[in-house]
Amino acid sequence: VQLQAFGGGLVQPGGSLRLSCQASGSIFSINDMGWYRQAPGKQRELVARISSGGSINYADSVKDRFTISRDNAKNTVYLQMNSLKPEDKAVYYCKIWVPAVRVYWGQGTQLPSSA
């Protein structure tokens, strides 16, 4: 199973960016999908998580600015990020949970800030 993330890049404060992450390989079903981030010198933290049924959790710091969604037919999870702030600068990782209590991580995509 591989997770390939796309969409990182330079962004201005107040700008928008969309990340996507597609899972491929021997996947029969995916339970939850999510995004984490890790800023320099900080622990990795949950940004958003979406269940197979559509239930969503967001970190308080991104509520009302970020939107997570998924396309089950494409095994892809998206993160629409609006009103970006300098503190959103981090490496963003996608993660999926599959049956039998297994998880897979993407390789990480950098979100740098121009500030």
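The values are calculated or read from the model by the stated rules, or taken from the named source; none is laboratory data. Note that the structure is predicted; figures quoted are calculated from it, not measured. Here Cβ is always computed from backbone atoms with ideal geometry, including for glycine, and neighbour counts include all displayed protein chains. Heads up: the accessible areas ignore ligands, DNA and RNA and are worked out on the full protein's heavy atoms, side chains in. Shrake-Rupley method; radii C 1.70, N 1.55, O 1.52, S 1.80 Å.
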Can you give the convex hull volume per residue for the Cα atoms of the chain, as a whole number of Å³?
94 Å³
Leaving out ligands and nucleic acids, and using a 1.4 Å probe, what accessible area per residue does the chain come to in Å²?
55 Å²
Setting aside same-chain residues fewer than 8 positions from Lys85, which aspartates and glutamates have a Cα under 16 Å from its Cα?
Asp60, Asp64
Any aspartates and glutamates with Cα under 15 Å of the Lys63 Cα? List them, leaving off those in the same chain fewer than 8 positions away.
Glu45, Glu87, Asp88
Could you give the length gained by full extension between Arg65 and Glu45, i.e. 0.36 nm per residue of separation minus their alpha carbon distance, to one decimal place?
5.5 nm
Run the numbers on the chain and let me know its relative contact order in percent, using alpha-carbon pairs under 8 Å that are six or more apart.
37 percent
Ignoring ligands, DNA and RNA, what percent of the 1.4 Å accessible area of segment 1-41 is carbon and sulfur?
48 percent
Partner lysines for Lys74 [C-alpha distance under 20 Å; skip if fewer than 8 residues away on the same chain]
Lys95
Choice from Asp88, Asp60, Asp32 showing the highest fluctuation, given a GNM over the chain with Cα pairs closer than 10 Å
Asp60
Which one, Val62, Gln2, Ala73, projects farthest toward the positive side of the charge dipole computed for the chain from Cβ point charges (K/R +1, D/E -1)?
Gln2
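Give, in nm to one decimal, the length gained when the segment between Ile27 and Gln2 is fully stretched (0.36 nm per residue of separation minus the Cα-Cα distance). Can you show the working numbers first?
Values: separation 25, 0.36 × 25 = 9.00 nm, distance 0.96 nm.
8.0 nm is the gain from fully extending Ile27 to Gln2.
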